[in-house]
Amino acid sequence: MESWKLNLKGNWNELKGKAKKEYADLTDDDLMYEDGKDDELIGRIQQKIGKTKQEVKDWIERL
């Protein structure tokens, strides 16, 4: 499993706070994670912060 997915499944609630600090315009709705809907989450974040899918995945890994 990819490490960014492990971050989502393991400690996403903690990471959400870090994400909001870095990108203040991300909302709880943008960061809502549902198991099995990883691509939807990436897409919402991608739209909000203007990064590519791979950049968002890399960013999640670094959080």
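Tabulated data
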| quantity | calculated |
| --- | --- |
| Theoretical ellipticity at 222 nm over the chain - DSSP helices of four or more residues, -39500 (n - 2.57) apiece, nearest 500 | -21500 deg cm²/dmol |
| Normalised contact order of the chain, rounded percent, pairs of Cα under 8 Å and 6 or more residues apart | 38 |
| Accessible surface ranking that places the most exposed of Glu14, Glu55 first, with a 1.4 angstrom probe | Glu14, Glu55 |
| Gain upon complete extension [Glu61, Lys37; 0.36 nm per residue less C-alpha separation] | 6.9 nm |
| 13 Å Cα cut-off, lysine pairs counted over the chain (separation 8 or more, or different chains) | 4 |
| Probe 1.4 Å, all protein chains present, accessible-area order of Leu6, Leu63, Leu26, largest first | Leu6, Leu63, Leu26 |
| Cα-based Rg of the chain normalised by 2.2 N^0.38 Å, two decimals | 0.97 |
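The values are calculated or read from the model by the stated rules, or taken from the named source; none is laboratory data. All figures in this text were calculated on a predicted structure; none of them were measured in a lab. SASA here: full protein model, heavy atoms, side chains in, ligands and nucleic acids out. Shrake-Rupley method; radii C 1.70, N 1.55, O 1.52, S 1.80 Å.
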